[in-house]
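The values are calculated or read from the model by the stated rules, or taken from the named source; none is laboratory data. These numbers were taken from a predicted model, which means no experiment stands behind them. Neighbour counts run over all protein chains shown; Cβ positions are idealised from the backbone, glycine included.
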Ligand code: PEP
Ligand code: MG
């Protein structure tokens, strides 16, 4: 069992990716090719030894360095280790890359457990040696990658949001990862693309081998490897039922988003890329409530003003007059996209993330602000600052926006002077001081993914603490209520763009929310919930929830009233 993050059933062959510099194919081999597989392995070892001998001689004048490579050569030449790897190939009938990785991993784990500096260094030596042999093995064959030709269930230790976003979607049936949490950005990307995904499985990469038939039940978080016939047939039937349900949800797309007693609700979509606007609209979104613009960095590590402008222009063009809320860069934490800026931060979620980075790098921030301001003439644009923790930060961000406006005016560049400015309420201090912040902005958007993480001190991507990540914790409902009340008292708009609304939309409506932005693939499901109650019922449900003392009580109650 893992953490279910994107529902749906997938059935298909596995494609296992390693987390190292090389993807390590894993597959079974036939008995009659054991010898040739062992020979392939030994040839790679010979290449690696020759390579190391050459580096050793090239670095002879640099004694310290030369010794390191000599050490690596000794590791490779260690006959005990080689025999283990050859035996693994013949006994388990597995390919050379997998046998090498498996044996080396066991040795590395042994060293790692010793915790001394000396042994940690040996771990890196072993990694280096393994990668060197792998390079030669993979150079000789493309096996293992050939499976990319057919759709597969992708299995990996971890996938960064950037990897997830650029993988060939049409070929991915589902995602399975060893680590990750429900609102990790990888999970969000999987959900947006409607791909079933389970994360936090612990050691799925060592349990599944390339080509194994697997069933993924993304709703329950269950993975079945090499299913028997009755199980396979059961899931095939469920898959058909799921398709029928999808069709039913599809019929909801054109129906109004309103409660049984006619209260209108706005449902917008969260996107990571302008191209997703079309999908969002097709799913019935009434605009974009959260554009995660940091994903522009995925394709371009240093986007200029034009790259930003182009992204916003495209989104607005697809939106045809509907609203686009552009969130300024939320780079950092698990969205560091390999940028040097974040290397070495010990607590990235508490680090120089988001608006803090923008304050530090005013030029990057202003580049984006200029592009947003220019785009404001092309459609209904609103701007939103993320990770606000205090009034000073709101004032500072607004001051930089004002400065940018003045610069544009001086340069005779047009923008909409009435561009509305909002903030994300995703840090407890912002929710607690929402009455103060509301005086300075036109709207709040409640970001529960982070609000939960920061309120309950639970890392949103760490599966080990995933059970402590409790959206229905009374503290969360209280903070949300406080934020909504402050917005109403100060006559500003309030919406929610965190993932929580998908499950708790009814009590959230009861608390006063009328505006939500969700992953576009679940718009119809949320709409179905909204259309199943009257506002009076929603209010009764939220009133009861405010009396619950624990997350579990709330969940139980909601299950009873069958409204979630
Ligand atoms: C949130 O924190 O709830 C949110 C919507 O932003 P992100 O998931 O991008 O951090
Ligand atoms: Mg956030």
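Got a sec? Which of 244, 240, 179, 224 is surrounded by fewer than 21 Cβ atoms within 10 Å (Cβ to Cβ) and in contact with a helix residue (DSSP H, G or I) (Cβ under 7 Å, 6 or more places away or on another chain)?
Details: 244 fails: in contact with a helix residue (DSSP H, G or I) (Cβ under 7 Å, 6 or more places away or on another chain); 240 fails: in contact with a helix residue (DSSP H, G or I) (Cβ under 7 Å, 6 or more places away or on another chain); 179 fails: surrounded by fewer than 21 Cβ atoms within 10 Å (Cβ to Cβ).
None of the others qualify; the one that does is 224.
Quick one: count up the residues across region 416-451 that are in contact with a helix residue (DSSP H, G or I) (Cβ under 9 Å, 6 or more places away or on another chain) and either without any contact (Cβ under 8 Å) to a residue 24 or more places away in the chain or within 10 Å of residue 487 (Cβ to Cβ) (or both).
Within region 416-451, residues that are in contact with a helix residue (DSSP H, G or I) (Cβ under 9 Å, 6 or more places away or on another chain) and either without any contact (Cβ under 8 Å) to a residue 24 or more places away in the chain or within 10 Å of residue 487 (Cβ to Cβ) (or both) number 10.
Restricted to region 319-344, and to residues that are surrounded by fewer than 20 Cβ atoms within 10 Å (Cβ to Cβ) and modelled with pLDDT of 85 or more, which residue is farthest from residue 396 (Cα to Cα)?
320
For every residue, the table says whether it meets (1) surrounded by 17 or more Cβ atoms within 10 Å (Cβ to Cβ); (2) part of a helix (DSSP H, G or I); (3) at pLDDT 85 or above.
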{"residue": "103", "(1), (2), (3)": "yes, yes, yes"}
{"residue": "106", "(1), (2), (3)": "no, yes, yes"}
{"residue": "115", "(1), (2), (3)": "no, no, no"}
{"residue": "120", "(1), (2), (3)": "no, yes, no"}
{"residue": "129", "(1), (2), (3)": "yes, yes, yes"}
{"residue": "133", "(1), (2), (3)": "yes, yes, yes"}
{"residue": "139", "(1), (2), (3)": "no, yes, no"}
{"residue": "142", "(1), (2), (3)": "no, no, no"}
{"residue": "147", "(1), (2), (3)": "yes, yes, no"}
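Looking at residue 205, is it touching a residue at least 24 places away in the same chain (Cβ under 8 Å) and either in a helix (DSSP H, G or I) or surrounded by 15 or more Cβ atoms within 10 Å (Cβ to Cβ) (or both)?
Working: touching a residue at least 24 places away in the same chain (Cβ under 8 Å): yes; either in a helix (DSSP H, G or I) or surrounded by 15 or more Cβ atoms within 10 Å (Cβ to Cβ) (or both): yes.
Considered against the rule, which asks whether it is touching a residue at least 24 places away in the same chain (Cβ under 8 Å) and either in a helix (DSSP H, G or I) or surrounded by 15 or more Cβ atoms within 10 Å (Cβ to Cβ) (or both), residue 205 comes out as yes.
Hey, among the residues in region 351-362 that are surrounded by fewer than 21 Cβ atoms within 10 Å (Cβ to Cβ) and in a helix (DSSP H, G or I), which one's farthest from the chain's Cα centre (by Cα)? Full working, then the answer.
Here is the first cut: in region 351-362, the residues surrounded by fewer than 21 Cβ atoms within 10 Å (Cβ to Cβ) are 351-352, 356, 359-362.
Next, from what is left, pick out any that are in a helix (DSSP H, G or I): 356, 359-360, 362.
Details: 356: 21, 359: 25, 360: 25, 362: 27 Å.
The extreme case among them is 362.
Residues to consider are 341, 334; find the one that is in contact (Cβ under 8 Å) with a residue 60 or more places away in the chain and either over 23 Å from residue 408 (Cβ atoms) or not assigned by TED's automatic domain parsing to the domain that holds residue 461 (or both).
Working: 341 fails: in contact (Cβ under 8 Å) with a residue 60 or more places away in the chain.
That would be 334, the only listed residue that is in contact (Cβ under 8 Å) with a residue 60 or more places away in the chain and either over 23 Å from residue 408 (Cβ atoms) or not assigned by TED's automatic domain parsing to the domain that holds residue 461 (or both).
Restricting the search to region 508-553, which residues are part of a helix (DSSP H, G or I) and under 18 Å from residue 246 (Cβ atoms)? Before you say what the answer is, go through the steps one by one.
Residues of region 508-553 part of a helix (DSSP H, G or I): 508-510, 520-530, 535-545, 551-553.
If the condition is that a residue be part of a helix (DSSP H, G or I) and under 18 Å from residue 246 (Cβ atoms), then 520, 521, 522, 523, 524, 525, 526, 527, 528, 529 are the ones that fit.
Here are some residues: 354, 376, 389. Which one is touching a residue at least 40 places away in the same chain (Cβ under 8 Å) and within 16 Å of ligand 2 (Cβ to nearest atom)?
Details: 354 fails: touching a residue at least 40 places away in the same chain (Cβ under 8 Å); 376 fails: within 16 Å of ligand 2 (Cβ to nearest atom).
So the residue among 354, 376, 389 that is touching a residue at least 40 places away in the same chain (Cβ under 8 Å) and within 16 Å of ligand 2 (Cβ to nearest atom) is 389.
Within region 184-194, how many residues are more than 16 Å from ligand 2 (Cβ to nearest atom) and either in the same structural domain as residue 333 (by TED's automatic domain parsing) or crowded, with 24+ Cβ neighbours inside 10 Å (or both)?
Taking region 184-194 as the starting set, the residues that turn out to be more than 16 Å from ligand 2 (Cβ to nearest atom) are 190, 193-194.
Subset that is either in the same structural domain as residue 333 (by TED's automatic domain parsing) or crowded, with 24+ Cβ neighbours inside 10 Å (or both): 190.
The number of residues fulfilling the criteria is 1.
May I ask you to list the residues in region 484-501 that are over 26 Å from the mean Cα position of the chain (by Cα) and within 16 Å of ligand 1 (Cβ to nearest atom)? Lay out the reasoning, then the answer.
Our first condition is that a residue be over 26 Å from the mean Cα position of the chain (by Cα); within region 484-501, this holds for 484-493.
484 - this is the single residue of region 484-501 that is over 26 Å from the mean Cα position of the chain (by Cα) and within 16 Å of ligand 1 (Cβ to nearest atom).
For residue 484, only one of the following conditions fails: (1) outside any helix (DSSP H, G or I); (2) in contact with a strand residue (DSSP E or B) (Cβ under 6 Å, 6 or more places away or on another chain). What is its number?
For residue 484, the exception is condition (1).
Those residues that are within 12 Å of ligand 2 (Cβ to nearest atom) and not in a loop (DSSP other than H, G, I, E, B), I need them from region 325-350; list them, please.
Passing the criteria: 327, 332, 335, 349.
Of everything in region 47-59 that's assigned to a helix (DSSP H, G or I) and surrounded by 13 or more Cβ atoms within 10 Å (Cβ to Cβ), which residue is nearest to the chain's Cα centre (by Cα)? Talk me through it step by step, then tell me what you get.
Looking only at region 47-59, we keep the residues that are assigned to a helix (DSSP H, G or I), and these are 47-58.
Keeping just the survivors that are surrounded by 13 or more Cβ atoms within 10 Å (Cβ to Cβ) gives 47-49, 51-53, 55-56.
On the way: 47: 39, 48: 37, 49: 40, 51: 39, 52: 39, 53: 43, 55: 40, 56: 43 Å.
Ranking the candidates gives 48 first.
Could you grab me the full set of residues in region 514-523 that are at pLDDT 95 or above and touching a helix residue (DSSP H, G or I) at 6+ places or on another chain (Cβ under 6 Å)?
516, 518
Tally time: how many residues in region 226-260 are closer than 24 Å to residue 538 by Cα, part of a loop (DSSP other than H, G, I, E, B) and touching a strand residue (DSSP E or B) at 6+ places or on another chain (Cβ under 9 Å)?
Adding up the residues that qualify gives 2.
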